[in-house]
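Enquirer: Quick one: the structure is below, and I'll ask about it shortly.
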Amino acid sequence: MTMEKVFDHTKVEKAIYEAWERSGAFAPQVLDFRREKRGKQKPYTILMPPPNANASLHAGHGMYTIDDILIRWKRMQGYAAQWIPGRDHAGFETQFVYEKHLAKEGKSRLDFDRQTLYNNIAKFVEDNSGLIFEQFRRLGFSADWSRSVFTLDPYVLTQVFTTFKKMESEGLVYRGDYLVQYCPHCGTSLAELEILHEEREDKLYYIKYKIKGTDEYVTVATVRPETMFGDSAVAVHPTDKRYRKLVGKELELPLTTRAIPIIADEMVDTEFGTGAVKITPAHDANDFAAGQRHNLPIINVVNQLGRMVLPNDAAPREIDGMKVKAAREKTVEELQKIGAIEKIDEHYNHSVTVCYKCKRDMEPMTVPNWYIKVETLKPPVVTAIKKKQTKFYPAKFEKQILDWMAIMHDWPISRQVAWGIRIPAWYAVGKSANQPASLSANQRIHVTFLDKNKKPVSGQVGELLQTYPLEEIEKGLQTLTAPIDAKYVVSEMKPGEGYLQETDTFDTWFSSGQWPLVTLHDDEYATRYPTDTMATMVDILKIWVSRMMMFGLYVRGEVPFRNVYLWPAVVDGKGQKMSKSKGNVVNPIELVDKYGADALRMALLFGNGEGGKVPLSEDKVRAMRNFGNKIWNMSRFFLLMQEKSEIQDLRFMIQENKLKNEDKEMLKQLNDVIKKMTTLLEKFRFSEAADTIYEFVWHAVADVYIEHVKSREDKGVALSVLQHVLFTSLKLLHPFMPFVTEAIWKEINPEGGMLIVAEWPIVK
RNA sequence: GGCCGCUUAGCUCAGCUGGUAGAGCGUCCGGUUUACAUCCGGCAGGUCGGGGGUUCAAGUCCCUCAGCGGCCACCA
């Protein structure tokens, strides 16, 4: 009898974890089941959603417990259960963090050439890497660490290139001067899912545009008067009687020498404003679409730094180069001078787009970007979901993803950040490039680079090459912006001399979206693809899960996973979102230090249902720690009784004719619990399963049956029943609370062996 | 504006296919003779958001109102 009075997690967790790892249980050999060495072992595969490589553990990561429960449960059921981990380079996210770091040193990304910036970030990530997997180990996660994948591993780069090449050769890749949401502060365009909308009160300006050749006006309303320099038209509704006669006439654009047409388009809401809308195709998504319909010119008046670029026909030259907000005030001032402001609505409520990362205003603008056509990629996903080839838990998310697929637009996959997988496209610009085609468009490629004296230089490459050798440009290259008609070749390696590579990188989700295609080995597709379950946080359903399905079906013709389980946000004990500013951030490792990994894991599940938020409070963690201690002491009681009874082996004493009613009732309840636990896990109802085993162990076994055993005359029979119930309970609880159950198993199991590989109970 | 969800004990939340209201934490009272005070027993506390309907029976189904939340769209 060696068990301490109180279970002390700090004394056992490390040793138990190391024993698990040594046992090889985390890394079942693929060949084992293929050669049927271990009987009829079937594969069960979960791919770990890769955390950001430079991240450290936050409370949300605790939910990976769900993956671990599944893996441990399936392992016990005899599957070759493998949980494949990995880390994401998280391009834009990571560069953002790094740039904040730079800012503290008074530097910015613009101080470095692209390659140096990349190397510095790589170093930064390397220095901050590895911590999170150590923390995952603390939580008891039984992933196969030996085959961890990083999204910048050479193998991943090759796979991502292969997919891109396939898409490009099948016409799914295009470059477009399409309207993107651009964050001037972060220096990159973002996809529609990365943009936030923010309600705001702004001024709505009513501006008079004079009808050419008359003294009459058409008034348009706008919150962005400074973009008027890029107006290409004014639109009215085709049925609007007020304006019908004016369609086709021209308006004099104030503060310029230009005239713009009045066009009719159904996009106009006759109820709003004046019923006449200024159309600025370069800086508004709706206007861009209208511009396409009416073949209007695109006039960019805001550049990627968020500064005005005034066309030559515009009069107030001092506005040129101003930042957008200053330009707005100046423009209004100028308009007022000429009496073109009809009125200003001071309290206009509308929503603006802001960067999800830095929260600053986005600038819609037309910038050359790389796009993926999704029309042909979407239908297989929709079909597969409708055929239930992939099922969603909770079920409501099936509708959410289908809704998303229905409205998903072409995907801009290029980001103007250095930290990422550089788009494998090469532009021939030098004299030695073996490109017979006309290079005139390529000569217009705009580059920014640091020359040999580290001075920034920018301009069109054709002109710059008169002064600088290509090698100098390439070495100091910061950014390259190619016109959409530029010629390029797709190649993983530099295709020859005289080429400059695209400086844009792939959207992180372009690579992580191929997670199921970069984590499995070639010989595993036959057995482990589709993988079994993808369990991840709900907020990346659309941005990640849908993309994985798209790529999986496109490249392999089959869904990447059979089940998707989505967990909600972890919030504080009061149901409030955790945030640094509120000061309510819970550090999971502190809780693990204090109460043990089992307690934290169980606290994330117990009493939470499926679908809602997951409140995490220290009170609950403590309660779960107490539960671990409870079962520890139940086992301790059992051992004491067994010692007293002097029976060496109780296992063969369960005989039907000796059992009392209490024993039969206990065994019946046990069987019910086995069935219920198995069913609940099959249905992905983890919380209810946790509640079930808790309730059974504490209130049925400890409170009732153990109290009953104390008064039994025939201790042998009762103890044999208790032993069976305890052993079985430990197995049922193990996926949830692996450490304490394993520790107890070591103390009381006469046969030896580890609980992690014990058989999941079945009702005989 | 569209879709989805939520509103149950002081707090945070469970209650799956309708059949006499639950857990954890907290409060109060009482318990240390040999598994556990990280324990045990017990009390208190809810007209299950309001209203209407279906049913022998509704927290559980339907309608409606109110409040809250999430996602999405639009907003010149």
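The values are calculated or read from the model by the stated rules, or taken from the named source; none is laboratory data. Just so it is clear, the model here is predicted, and its values are computed rather than measured. Methodologically, a virtual Cβ is constructed for each residue, glycine included, from the backbone with ideal geometry; neighbour enumeration extends over all protein chains shown. Just the protein is used for accessible areas: all its heavy atoms, side chains included, with ligands, DNA and RNA removed. Shrake-Rupley method; radii C 1.70, N 1.55, O 1.52, S 1.80 Å.
Enquirer: Could you name the lysines whose alpha carbon sits less than 27 Å from that of A:LYS580, not counting residues in the same chain fewer than 8 places away?
Expert: Answer for A:LYS580, where 27 Å is the Cα cut-off: A:LYS100, A:LYS104, A:LYS107, A:LYS123, A:LYS357, A:LYS359, A:LYS542, A:LYS594, A:LYS613, A:LYS620, listed by chain and number.
Enquirer: Just tell me which aspartates and glutamates come within less than 12 Å, Cα to Cα, of A:LYS574; anything on the same chain fewer than 8 places away is out.
Expert: Counting by Cα, and skipping residues close in sequence, A:LYS574 has these aspartates and glutamates nearby: A:GLU618, A:ASP619.
Enquirer: What GluC sites (Glu not before Pro) in the stretch A:603-682 are in a loop by DSSP, with at most 10 other Cβ atoms within 10 Å of the Cβ?
Expert: Within the stretch A:603-682, the qualifying GluC sites (Glu not before Pro) (loop, at most 10 other Cβ atoms within 10 Å) are A:GLU646.
Enquirer: Based on the Cβ-Cβ distance from A:ALA122 to A:LYS710, what FRET efficiency comes out when R0 is 60 Å, to the nearest 0.05? Spell out each step's value before the answer.
Expert: Details: r = 64 Å, r/R0 = 1.07.
Given R0 = 60 Å and the Cβ-Cβ separation, E is 0.40.
Enquirer: If I model a spin label at A:LYS580 and A:ILE211 as a point 7 Å from the Cα along the Cα→Cβ vector, what separation in nanometres do I get?
Expert: Going by the 7 Å Cα→Cβ label model, 5.8 nm.
Enquirer: Compute and list, largest first, the equivalent-ellipsoid semi-axes of the stretch A:532-600 from the alpha carbon gyration tensor, each √(5λ) rounded to a whole angstrom.
Expert: Values: eigenvalues 225, 48, 16 Å².
Each semi-axis is the square root of five times an eigenvalue, giving 34, 15, 9 Å.
Enquirer: May I pose another question? Determine which residues of the stretch A:148-189 fall in the zone a paramagnetic label at A:LYS323 would reach in this model, i.e. backbone nitrogen under 18 Å from the point 7 Å along Cα→Cβ.
Expert: Correct set: A:182-188.
Enquirer: Moving on. A:ALA259 versus A:HIS446, label points 7 Å from Cα toward the beta carbon: distance in nm?
Expert: It is 3.1 nm.
Enquirer: Shifting gears a bit: Please provide three numbers in whole Å: the alpha-carbon extents of the stretch A:74-113 along the principal axes, with the largest listed first.
Expert: Each principal axis gives a Cα extent; for the stretch A:74-113 these are 57, 19, 11 Å.
Enquirer: Relative contact order for the stretch A:228-304: what is it in percent, counting Cα pairs under 8 Å that are at least 6 residues apart? If you can, show how the numbers build up before the last one.
Expert: Values: 140 pairs, mean separation 28.1, N = 77.
Computed value for the stretch A:228-304: 36 percent relative contact order.
Enquirer: Something else: Taking θ as phi - 60°, what are the ³J(HN,Hα) couplings along the stretch A:5-13 by the Karplus curve (6.51, -1.76, 1.60), each to the nearest whole Hz, with x for Gly and Pro?
Expert: 5, 10, 6, 10, 4, 5, 7, 10, 4
Enquirer: Let's test the formula: R0 of 41 Å, r as the Cβ-Cβ distance of A:LYS613 and A:ARG307. What FRET efficiency results, to the nearest 0.05? Mind showing how you got there, number by number?
Expert: On the way: r = 43 Å, r/R0 = 1.04.
The pair A:LYS613/A:ARG307 has a calculated efficiency of 0.45.
Enquirer: Send over the Kirkwood Rh of the stretch A:46-190, from the inverse of the averaged 1/r over different Cα pairs, rounded to one decimal Å.
Expert: 18.0
Enquirer: Which is farthest toward the positive dipole end of chain A among A:HIS724, A:ASN295, A:ALA758, measuring Cα position about the Cα centre, with Cβ charges +1 (Lys, Arg) and -1 (Asp, Glu)?
Expert: Going by the Cα projections, it comes out as A:HIS724.
Enquirer: I've got another one for you. Once the Cα atoms of helix A:396-407 and of chain A are each reduced to a long axis, what angle between those two axes, in degrees from 0 to 90 to the nearest 10, is obtained?
Expert: That works out to roughly 20 degrees.
Enquirer: Once amide H atoms are placed 1.01 Å from N in the peptide plane, what residues at a sequence separation of 5 or more from A:LYS487, or on another chain, have their amide H within under 5 Å of its amide H?
Expert: Distant-sequence amide H within range of A:LYS487: A:ASN442.
Enquirer: Next question. Just to check I understand the Karplus step: with θ = phi - 60° and J = 6.51 cos²θ - 1.76 cosθ + 1.60, what whole-Hz values come out for the stretch A:689-699, glycine and proline as x?
Expert: With coefficients 6.51, -1.76 and 1.60, one gets 5, 4, 4, 5, 6, 4, 4, 5, 4, 6, 8 Hz.
Enquirer: Also: Once the piece of chain linking A:ASN626 and A:ALA702 is laid out straight, how much longer is it, given 0.36 nm per residue of separation minus the C-alpha distance between them? If you can, show how the numbers build up before the last one.
Expert: Working: separation 76, 0.36 × 76 = 27.36 nm, distance 1.34 nm.
Taking A:ASN626 through A:ALA702 to full extension adds about 26.0 nm, to one decimal.
Enquirer: Going Cα to Cα from A:LYS373, which aspartates and glutamates come in below 16 Å? Please leave out same-chain ones fewer than 8 positions away.
Expert: Output for A:LYS373: A:GLU168, A:GLU170, A:ASP177, A:GLU192, A:ASP410, A:ASP507.
Enquirer: Need one number: convex hull volume per residue for the stretch A:217-294, Cα atoms only, in Å³. Write out the running numbers ahead of the final one.
Expert: Working: hull volume 6.7 nm³, N = 78.
Hull volume normalised by residue count: 86 Å³.
Enquirer: Please report the relative contact order for the stretch A:1-152, taking Cα pairs under 8 Å with a sequence separation of at least 6, and give it as a percent rounded to a whole number. All intermediate terms of the calculation are to be shown ahead of the outcome.
Expert: Values: 161 pairs, mean separation 51.0, N = 152.
Answer for the stretch A:1-152 is 34 percent.
Enquirer: How many angstrom lie between the C-alpha centres of the stretch A:700-764 and the stretch A:275-330?
Expert: Value for the Cα centre distance between the two parts: 73 Å.
Enquirer: Given a 1.4 angstrom probe, what's the average accessible area per residue across the stretch A:559-611, in square angstrom? Intermediate results must be reported in sequence, preceding the final value.
Expert: Working: 2210 Å² over 53 residues.
Value for the stretch A:559-611: 42 Å² per residue.
Enquirer: What's the magnitude of the charge dipole for chain A around its Cα centre, counting Lys and Arg as +1 and Asp and Glu as -1 at the beta-carbon? Answer in Debye, nearest 20. Could the numbers behind the result be given before it?
Expert: On the way: 102 positive and 101 negative charges, 209 e Å.
Once rounded to the nearest 20, the dipole reads 1000 debye.
Enquirer: Here's a follow-up. Under the √(5λ) rule applied to the eigenvalues of the Cα gyration tensor, what semi-axes describe the equivalent ellipsoid of the stretch A:654-743? Give them in Å, descending.
Expert: Numbers: eigenvalues 124, 37, 24 Å².
Largest first, the stretch A:654-743 gives 25, 14, 11 Å.
Enquirer: With an 8 Å cut-off on Cα pairs and a minimum separation of 6 or more residues, tell me the relative contact order of chain A in percent. Write down the numbers at each step before the final one.
Expert: On the way: 1345 pairs, mean separation 119.1, N = 764.
Taking the mean separation of contacting Cα pairs over the length of chain A, I get 16 percent.
Enquirer: In square angstrom, what is the accessible area per residue of the stretch A:93-221 with a 1.4 angstrom probe? Please report the intermediate quantities before stating the final value.
Expert: Numbers: 5940 Å² over 129 residues.
So the stretch A:93-221 comes to 46 Å² accessible per residue, rounded to a whole number.
Enquirer: For chain A, go through all pairs of different Cα atoms, get the mean of 1/r, take its inverse, and jot down that Kirkwood value in Å.
Expert: On the way: mean 1/r = 0.0332 Å⁻¹.
By the Kirkwood definition, the hydrodynamic radius is 30.1 Å.
Enquirer: I've got another one for you. If each of A:SER108 and A:ILE762 carries a label point 7 Å out from its Cα toward its Cβ, how far apart are those two points in nm?
Expert: Output for this residue pair reads 6.6 nm.
Enquirer: Still on this structure, I have one more. Using 0.36 nm per residue, how much length does the chain from A:GLN77 to A:LEU639 gain when fully extended, once their Cα-Cα distance is taken away? Can you show the working numbers first?
Expert: Numbers: separation 562, 0.36 × 562 = 202.32 nm, distance 2.76 nm.
Extra length available between A:GLN77 and A:LEU639 comes to 199.6 nm.
Enquirer: Across the stretch A:108-114, in residue order, what do the Karplus-derived ³J(HN,Hα) couplings come to in whole Hz, using 6.51 cos²θ - 1.76 cosθ + 1.60 with θ = phi - 60° and x for Gly and Pro?
Expert: With coefficients 6.51, -1.76 and 1.60, one gets 9, 4, 6, 7, 10, 6, 4 Hz.
Enquirer: Now, a different point. Can you give the calculated 222 nm mean residue ellipticity of chain A, where each DSSP H run of n ≥ 4 adds -39,500 (n - 2.57) and the sum is split over every residue, rounded to the nearest 500 deg cm²/dmol? Write out the running numbers ahead of the final one.
Expert: Details: 26 runs with 276 residues, N = 764.
Calculated from helices alone, the mean residue ellipticity at 222 nm is -11000 deg cm²/dmol.
Enquirer: Name the residues whose placed amide hydrogens come within less than 5 Å of the amide hydrogen of A:ALA233, ignoring near sequence neighbours (fewer than 5 apart) on the same chain.
Expert: Distant-sequence amide H within range of A:ALA233: A:ILE279.
Enquirer: Follow-up question, since we're still on this one. What do the square roots of 5 times the Cα gyration tensor eigenvalues come to for the stretch A:130-262, in whole Å, largest first, as semi-axes of the equivalent ellipsoid?
Expert: Details: eigenvalues 581, 91, 35 Å².
Computed over the stretch A:130-262, the values are 54, 21, 13 Å.
Enquirer: Lys pairs in the stretch A:437-494, Cα-Cα under 22 Å, at least 8 apart or on separate chains: how many? Before the final figure, lay out each step's value.
Expert: Details: A:LYS452/A:LYS475; A:LYS454/A:LYS475; A:LYS455/A:LYS475; A:LYS475/A:LYS487; A:LYS475/A:LYS494.
Summing the qualifying lysine pairs gives 5.
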